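A.B. asks: Sharing a structure with you now.
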Amino acid sequence: MRQGKTRSSPDDRSADPDGRFGFQEDRFALRDDVRLQCDGTSVALTSPVSTFTLRGVGPGVIAALRRLAAGSVPFTEVTRGLAAGERARFDMVLGRIGHLLVHGVALNGRELLRVEHTARDASYEVADLTGLSGSTGLSGLPADSLLRLSRFAFCRSRADTLVLESPLCKVRMLLVTPGARELVAALGSASAPGELRVDGLSPAEITCLLGHLVGAGFVEVGGPGASGAAFPEDADPVLRQWDFHDLLFHSRIRTGRDDAPVGGVFPHLGELDPQPAVKPLPQGPVVPLHRPSLEEIAARDPVLTAAVEGRRSLREYGESPPTAEQLGEFLYRTGRVRVHFEPGPGEQPGGEIVGRPYPNGGSAYELELYLTVRRCAGLDPGIYYYDPVGHQLILVNTDAGDRQAMLTVAALSAGLTTDPDVLITMTSRFQRMSWKYSGIAYATTLRHTGVLYQTMYLVAAAMRLAPCGLGIGNADLAARVLGLDYLRESSVGDFILGSRPDADPGIWDAAQGWNYVNDAEWAAWAGSRLNRRADGS
Ligand SMILES: Cc1cc2nc3c(=O)[nH]c(=O)nc-3n(C[C@H](O)[C@H](O)[C@H](O)COP(=O)(O)O)c2cc1C
């Protein structure tokens, strides 16, 4: 496909001298969420994520910036009256504030679309599709070309405007006109460009819009394939292995290609109350738990290296069930609250934090534990909430069908032949995180889940229990069974636990094809420390 030379930024004005792509009619403004402050020769442009400061700025450049701040103006209007030196300075400034501008794409005096850069290094070449939808045939593409929205593109309402975004693109299209909205909708399925008709849009306007949509990467150019339309994304071995939601998530939880605030920015401070560090207890019968003795544990625990090196995921259980005493010790060592900090009067709200045995970003400790108990000596089957402060269980559900439903999901996830002795469901009190963190609240919760998994693995190994973390759980089922509001608190992780099998499965079995790499004796040593048969021993 031939690419036009026109760029999406105003710093390449010479590329379209005859206005062929309508570029010279394009309009620019500061984004709605950017504020311009001028103080003498100093200028500050403040966006929700940063402030861009300029010093020693001349009056001409300040006047041009004020024109951008006043609203959408043609580029020629922005630079009107700038002396040569000021123009050079202004061009330099523009090169650095592209992400603070909104670019209105216009043709014949009519605005069709607005474009915002979501990354500082964003730019794209407008695809040259002239003649594409006109009667004179295609000039930029093969005759049988097809166009379709990228699988990663999506529309949503943002700041009261329908926008088109994609984790593959560093720009956002603001679909401010009915024609642009209709065209994007039509591109949901593969379309021959010459057949694209949109009420109220001329062929030239369709071509102009498509040039931006294709150039920026929202729309793919393909053609007929062996079985239906074929597009590059469908054949790309890397993109094929990205789920839409995974790539979007990845693009939003790391900085670089999106312009939303990321980090501990307290987005709801002063407007919404933070969630408490400790969840208010649910109603239900209380079951006190065994409180382990530090001396006993210190005397009997294997050394850390034995737990790290000998830890395995075990999916079979012993004939005897785990005991309530073991469960009490396990929960105490992995999940209890061990310190509490309350900020003083007048200090920032949301500062109440706790500490538990595993590390946690911001000490938020938003994860809660629920136990679905099938088999545990000294504890009735049931579904319990773990109170991490009182170190006790609270029975929240006694329905055998609900219990079985939870255990069945876990058993399927681990390919078990029998249900696990105990299923530990980890839930997140989401607003505990998102009150403080923007962009990364959910990602951080998932990281916490992983941290807790490993803590549980190590403690289970030390206690000679059978642990296994799970990758799949049913959050809707869990919310219903645990009596939770899915949006406030629902499951983010699952961990199954049981007694160790009497016939020990051993470490890695060479007969099953495992080859030891890097010091095989470590596994044998750890296995023997954990009373487990090591391969070959
Ligand atoms: C986040 C995570 C998800 C997992 N999901 C599953 C799962 O759904 N089913 C399962 O049987 N094992 C699951 N496992 C266990 C892994 O299969 C296991 O850790 C891996 O095979 C390595 O074996 P090892 O733990 O015995 O060293 C999971 C482990 C982790 C850490």
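The values are calculated or read from the model by the stated rules, or taken from the named source; none is laboratory data. If you're wondering where the values come from, they're calculated on a predicted model, not measured in any experiment. Every residue, glycine among them, receives a Cβ derived from its backbone with ideal geometry; neighbour counts consider all protein chains shown. Ligands, DNA and RNA are stripped out before the accessible areas are found, and what is left, the full protein with its side chains, is counted by its heavy atoms. Shrake-Rupley method; radii C 1.70, N 1.55, O 1.52, S 1.80 Å.
A.B. asks: Keeping to segment 409-427, report how many residues are within 13 Å of GLU368 (Cα to Cα) and either within 15 Å of the chain's Cα centre (by Cα) or of a type in the set (Val, Ile, Thr) (or both).
C.D. replies: Of the residues in segment 409-427, 3 are within 13 Å of GLU368 (Cα to Cα) and either within 15 Å of the chain's Cα centre (by Cα) or of a type in the set (Val, Ile, Thr) (or both).
A.B. asks: Filter segment 317-326 for residues that are open to solvent by 30 Å² or more (accessible area, probe 1.4 Å) and not in a loop (DSSP other than H, G, I, E, B); which is farthest from the ligand (Cβ to nearest atom)?
C.D. replies: Restricting attention to segment 317-326, the residues satisfying the condition of being open to solvent by 30 Å² or more (accessible area, probe 1.4 Å) are 317, 319-321, 323, 325-326.
Then keep just the ones that are not in a loop (DSSP other than H, G, I, E, B); that gives 323, 325-326.
Details: THR323: 24, GLU325: 25, GLN326: 20 Å.
It comes out as GLU325.
A.B. asks: Quick one: in segment 327-374, which of the residues that are part of a strand (DSSP E or B) and aromatic (Phe, Trp, Tyr) is farthest from ASP273 (Cα to Cα)?
C.D. replies: Out of the qualifying residues, it is TYR370.
A.B. asks: Return only the number of the condition from (1) away from the ligand (no atom under 16 Å from the Cβ); (2) surrounded by 16 or more Cβ atoms within 10 Å (Cβ to Cβ); (3) among the aliphatic types (A, V, I, L, M); (4) part of a loop (DSSP other than H, G, I, E, B) that LEU314 does not satisfy.
C.D. replies: (1)
A.B. asks: Given the options LEU423, LEU407, LEU393, name the one that is crowded, with 20+ Cβ neighbours inside 10 Å, over 21 Å from ALA260 (Cα atoms) and more than 16 Å from the ligand (Cβ to nearest atom).
C.D. replies: Numbers: LEU423 fails: more than 16 Å from the ligand (Cβ to nearest atom); LEU407 fails: more than 16 Å from the ligand (Cβ to nearest atom).
After ruling out the rest, the residue left standing is LEU393.
A.B. asks: Picking from VAL287, VAL265, VAL308, which residue would you name as being among the β-branched types (Val, Ile, Thr) and within 16 Å of the ligand (Cβ to nearest atom)?
C.D. replies: Testing whether each residue is among the β-branched types (Val, Ile, Thr) and within 16 Å of the ligand (Cβ to nearest atom) leaves just VAL308.
A.B. asks: Can you tell me which residue in segment 71-127 is surrounded by the most Cβ atoms within 10 Å (Cβ to Cβ), limited to those that are among the polar types (S, T, N, Q) and at pLDDT 90 or above?
C.D. replies: Within segment 71-127, the subset among the polar types (S, T, N, Q) is 72, 76, 79, 108, 118, 123.
Filter once more, so that each one left must be at pLDDT 90 or above: 72, 79, 118, 123.
Values: SER72: 17, THR79: 20, THR118: 17, SER123: 16.
Among them, the one singled out is THR79.
A.B. asks: Which one is farthest from VAL163 (Cα to Cα), of the residues in segment 194-216 that are open to solvent by 30 Å² or more (accessible area, probe 1.4 Å) and among the small types (Gly, Ala, Ser)?
C.D. replies: GLY194
A.B. asks: Based on this model, can you work out whether GLY351 counts as within 16 Å of the ligand (Cβ to nearest atom) and either outside the structural domain of GLU329 (by TED's automatic domain parsing) or surrounded by fewer than 20 Cβ atoms within 10 Å (Cβ to Cβ) (or both)?
C.D. replies: Values: within 16 Å of the ligand (Cβ to nearest atom): no; either outside the structural domain of GLU329 (by TED's automatic domain parsing) or surrounded by fewer than 20 Cβ atoms within 10 Å (Cβ to Cβ) (or both): yes.
No: the conditions fail for GLY351.
A.B. asks: Related question: Could you look through segment 469-528, keep only residues that are within 14 Å of the ligand (Cβ to nearest atom) and polar (S, T, N, Q), and pick out the one that is least open to solvent (accessible area, probe 1.4 Å)?
C.D. replies: By that ranking, first place goes to SER491.
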